[in-house]
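Enquirer: Encoded as structure tokens, here's the structure I'll be asking about.
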Amino acid sequence: MGTAGRNSIIGPRLTDLDTSLVKNTKIPRISESFNLQFRAELFNVLNKVNYATPPKAGTQLFSGAGAALATGGVLVGPTASSSRQAQFALKAIF
């Protein structure tokens, strides 16, 4: 296999910040326990690009003569997380 040590090549860091806001509104006119809940959920708020790790198999770092290859260790895959997203919800609790 090779003589490289364990964890000698580390992929890019994954940074993701998710948050949610919830507002509960009691409406006693309908019922004593009726509650209307508004939710706003935000994913990847900072819109940070998280690159996928390099492929494990089929990646050559050096040629047969020992020269470094330009394509070795290049991140060619898609991103590991999605772009900024928001979702809103209205929930009736009774």
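Enquirer: Between a first residue in the range 33-57 that is closer than 19 Å to Asp16 by Cβ and β-branched (Val, Ile, Thr) and a second residue that is at pLDDT below 90 and in a loop (DSSP other than H, G, I, E, B), which pairs have beta carbons less than 6 Å apart while being 6 or more apart in sequence or on different chains?
Expert: From residues that are closer than 19 Å to Asp16 by Cβ and β-branched (Val, Ile, Thr), the pairs are Thr53/Gly11.
Enquirer: Moving on to the next point. Name the residue, out of Thr15, Thr71, Thr59, Thr3, that is of a type in the set (Ser, Thr, Tyr), over 29 Å from the mean Cα position of the chain (by Cα) and modelled with pLDDT under 90.
Expert: Answer to the check: Thr3.
Enquirer: Given the structure, is Ser31 under 22 Å from Gln60 (Cα atoms), of a type outside the set (A, V, I, L, M, F, W, C) and either assigned to a loop (DSSP other than H, G, I, E, B) or in contact with a Lys or Arg (Cβ under 7 Å, 6 or more places away or on another chain) (or both)?
Expert: For Ser31, the condition - under 22 Å from Gln60 (Cα atoms), of a type outside the set (A, V, I, L, M, F, W, C) and either assigned to a loop (DSSP other than H, G, I, E, B) or in contact with a Lys or Arg (Cβ under 7 Å, 6 or more places away or on another chain) (or both) - is not met.
Enquirer: Filter the range 74-94 down to the residues that are of a type in the set (S, T, N, Q) and either exposed (fewer than 10 other Cβ atoms within 10 Å of the Cβ) or assigned to a loop (DSSP other than H, G, I, E, B) (or both), then identify the one that is modelled with the lowest pLDDT.
Expert: Ser81
The values are calculated or read from the model by the stated rules, or taken from the named source; none is laboratory data. Source: prediction; values computed, not measured. Methodologically, a virtual Cβ is constructed for each residue, glycine included, from the backbone with ideal geometry; neighbour enumeration extends over all protein chains shown.
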